[in-house]
Amino acid sequence: MSNPLGPSGLSRKLRFGADLHISAAGMVLQRRRMKVISENIANAQSRSSSPDKDPYRRKMIQVENKKDPFLGISTVRIKAVITDQSDFPRVYKPNEPGADANGMVKQANVQSYIEMGDMQDANVAHSANLKAYENTRNMLLKSMSLLDN
Amino acid sequence: MPFGSLKIFQNSRQQLNWLSHRQRVLSQNLANVSTPGYRAKDLQAISFQGVHPDRMIPKLALRKPDHDTTLQKPLLSGPTQAFFIQSDEQKLSGNTVIPEDEVKKMNESALLHEQVLKIYKQNLANFSSVF
């Protein structure tokens, strides 16, 4: 209620702006998804620092489509950031501090090629949502041009 | 004279309303491209074929839709209810949205919107010049 340009401010009063929030929420979701994917890629090579500790665990996002109480329409959002509970792969690094009795070290359960595929998917989705945003905006502007003589 | 009640303007208003409604449905589809279990929706196509020139009201094919929570209050009464589209592609998560198809449909809607708006403006100008 404090920010006049926020979802509960101007956009709420001007009801036609609600459609733009659908695509904006989609873009924000994909951007946050790319942030999580980037974090996974950056930590893909990390290994545990001691045999009894776990290395970086892959993160994933849970998405939900829920009705926004302020706008009165359903927008997509991140429900939670969860971790991938799959097993850690082990590599033979006997000289590292994280090595167990057999010289095996636990490595992050991130597969770079999967993350790159997800990143590409998020990119495409973000571009498509941007296109939808621009289309909606153009339709609104053209409709408002009826007021011109 | 109440111009809004003329069939020629009502026709344009119905089409514009349908197009703006469709834009909302397609935007929802694209926003939910990553939502597990989300099934893509679309509006029933308005047919402009076989319209009697005197009536100027297109025959709208009514179809019983699945429950759609995004279109709670249609702007005008009429068959603007959404239905789930038949899709061959489905991700492992159960999502059936194909971004390329949605963008293609959006571009078609945008062109049609511009066309209908131009016709509406032209009709308005014609009436304004007469009266």
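Can you work out the FRET efficiency for the pair residue A:82 and residue A:116, with r the C-beta to C-beta distance and R0 = 30 Å, to the nearest 0.05?
0.90
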Using a 1.4 Å probe and counting only protein heavy atoms, arrange A:133, A:56, A:92 so the residue with the most accessible area comes first.
A:92, A:133, A:56
With a ≥ b ≥ c taken as the square roots of the eigenvalues of the C-alpha gyration tensor of chain A, please select rounded if a/c is under 1.5 and otherwise prolate if a/b is larger than b/c or oblate if it is not?
prolate
Placed amide H near residue A:74: partners under 5 Å, 5+ positions off or other chain:
A:68
How do A:144, A:27 stack up against each other in accessible area, from largest to smallest, with a 1.4 angstrom probe?
A:144, A:27
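How would B:130, A:110, A:28, A:81 rank on accessible area, largest to smallest, probe 1.4 Å?
Values: B:130 110, A:110 15, A:28 55, A:81 85 Å².
Ranked list, largest accessible area first: B:130, A:81, A:28, A:110.
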The set of residues whose placed amide H lies less than 5 Å from the amide H of residue A:63, leaving out same-chain residues fewer than 5 positions away, is A:79
Which distance in nm do the two modelled labels at residue B:100 and residue B:114 give, with both placed 7 Å along the Cα-to-Cβ direction?
2.3 nm
Area accessible to solvent at residue B:131, 1.4 Å probe radius, in Å²:
150 Å²
So who's got an amide H within less than 5 Å of the one on residue A:98, skipping anything under 5 residues away but keeping other chains? H placed 1.01 Å off N, in plane.
none
Calc'd 3J(HN,Hα), region A:33-43, phi into Karplus 6.51 cos²θ - 1.76 cosθ + 1.60 (θ = phi - 60°), Hz, glycine/Pro = x, comes to 5, 5, 5, 5, 4, 4, 5, 4, 5, 5, 9
Go ahead and set up a Gaussian network model of chain A, Cα springs under 10 Å, then flag whichever of A:106, A:59, A:67 fluctuates most.
A:67
Along region A:46-62, Karplus-curve 3J(HN,Hα) (6.51, -1.76, 1.60; θ = phi - 60°) to the nearest Hz, with x for Gly and Pro, reads 6, 10, 5, 8, 8, x, 8, 9, 8, x, 4, 9, 4, 9, 9, 10, 9
With the crude spin-label approximation of a point 7 Å out along Cα→Cβ, what separation in nm comes out for residue B:129 versus residue A:102?
8.8 nm
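Mind giving me the FRET efficiency for residue A:127 and residue A:92? R0 is 25 Å, r the Cβ-Cβ distance, nearest 0.05 is fine. Don't skip to the answer; put the middle values down first.
Details: r = 42 Å, r/R0 = 1.68.
With a Förster radius of 25 Å, E is 0.05.
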Using Cα springs under 10 Å in a Gaussian network model of chain A, which residue among A:109, A:40, A:138 shows the largest mean-square fluctuation?
A:138
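The values are calculated or read from the model by the stated rules, or taken from the named source; none is laboratory data. Predicted model, so just to flag it, every value in this text is computed and none were measured. Here the Cβ is made from the backbone with ideal geometry for all residues, glycine too, and neighbour counts use every protein chain on show. With ligands, DNA and RNA removed, areas are computed over all heavy atoms of the protein, side chains included. Shrake-Rupley method; radii C 1.70, N 1.55, O 1.52, S 1.80 Å.
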